[in-house]
1. What are the pairs with Cβ atoms under 6 angstrom where one residue, in the range 209-224, is buried (at least 23 other Cβ atoms within 10 Å of the Cβ) and the other, located anywhere, is outside any strand (DSSP E or B) and small (Gly, Ala, Ser)? Sequence gap at least six, or different chains.
2. Which of the residues that make up the range 117-129 are of a type in the set (Gly, Ala, Ser) and either farther than 7 Å from Gly204 by Cβ or touching a Pro at 6+ places or on another chain (Cβ under 8 Å) (or both)?
3. Please go through the range 172-208 and give me each residue that is under 14 Å from Glu95 (Cβ atoms) and surrounded by fewer than 23 Cβ atoms within 10 Å (Cβ to Cβ), ordered by number.
4. Do we find a residue being without any contact (Cβ under 8 Å) to a residue 40 or more places away in the chain and surrounded by fewer than 20 Cβ atoms within 10 Å (Cβ to Cβ) anywhere in the range 148-170?
5. Go through (1) under 14 Å from Phe99 (Cα atoms); (2) under 13 Å from the mean Cα position of the chain (by Cα) for Asp118 and report which single condition fails.
6. Please find, within the range 135-168, the residue that is nearest to Val203 (Cα to Cα) out of those that are in a strand (DSSP E or B) and either touching a Cys at 6+ places or on another chain (Cβ under 7 Å) or of a type in the set (S, T, N, Q) (or both).
7. Given the criteria among the hydroxyl-bearing types (Ser, Thr, Tyr) and at pLDDT 95 or above, does Thr119 qualify?
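The values are calculated or read from the model by the stated rules, or taken from the named source; none is laboratory data. None of these values were measured; they are calculated from a predicted model. As a convention, Cβ positions derive from the backbone with ideal geometry for all residues, glycine included, and neighbour counts pool all protein chains shown.
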Amino acid sequence: MFKFLRKLIVLSLAVILGFWLATTNILQGTMAGDWLNTIVHYIPAPQEWSNVRLQDPRIALENITASKAETDNPVVSSVAEDREKNPDIDYAVVEQRIFTLLNELREKQQVPILKSNDTLKEVANIRAVETEESFSHTRPDGSDTFSVFNEEGISYPYKLVGENLGMATNYLNEKEMAELLFNGWVESEGHYENMIRPEFEEVGIGVHYDGEFLYATQIFGTPL
């Protein structure tokens, strides 16, 4: 029994040392370094143990024209109230960091950068709040995700729209959480394709925090 425990402890220390060597790039370019990088690729590093969840991306090729309501949008108002209840997160920092990373990625892939659109941001905020109740492209009321464009006060006639959803345990600062969620999208083929799709022209970034999990939404659009 003692021999088994000793072997287990040695093995655990070896794994921890291996992760450290792989992340510091000390062995970069060597056979041992390549071997360690292969292992790390299949076994998540500690900074990735944050329960990041993604939802398959959605794209719609539709023509939806929602009339602008004369009254305030009650859904948007509820988003504002939600943020007042959760002041522990600087939402603007998360949203701006995701937006910056998104356009840096598009520049790197030599596709046009996206403009920020206020209406798409409203939609993204609504969807971010809704994903706490239903983390999917089906809204809490059972309707399709893009029915959000029919909400009162939302007017965005479009040729093309898309949605990326992500959530993670909130345990880092705002900038680092934004990078964690964004990297999750980059590593997912469908979400990545949405982010570099050249046909998209605009984007809105929405964030919601429930006290434990941070939810982020990207709403892409190409107007009529």
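1. Hits for this filter: Tyr215/Ala128; Thr217/Ala124; Thr217/Ala128; Ile219/Ala124.
2. Selection gives Ala128 alone.
3. Glu174, Lys175, Glu179
4. Checked the range 148-170: no residue is without any contact (Cβ under 8 Å) to a residue 40 or more places away in the chain and surrounded by fewer than 20 Cβ atoms within 10 Å (Cβ to Cβ).
5. Failing condition for Asp118: (2).
6. If we take residues in the range 135-168 being in a strand (DSSP E or B) and either touching a Cys at 6+ places or on another chain (Cβ under 7 Å) or of a type in the set (S, T, N, Q) (or both), then Asn164 is nearest to Val203 (Cα to Cα).
7. Here the answer is yes, as Thr119 does meet what is asked.
Okay, residues lined up against (1) farther than 17 Å from Leu214 by Cβ; (2) hydroxyl-bearing (Ser, Thr, Tyr):
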residue: Ser136; (1), (2): yes, yes
residue: Thr145; (1), (2): yes, yes
residue: Val148; (1), (2): yes, no
residue: Pro157; (1), (2): yes, no
residue: Tyr171; (1), (2): no, yes
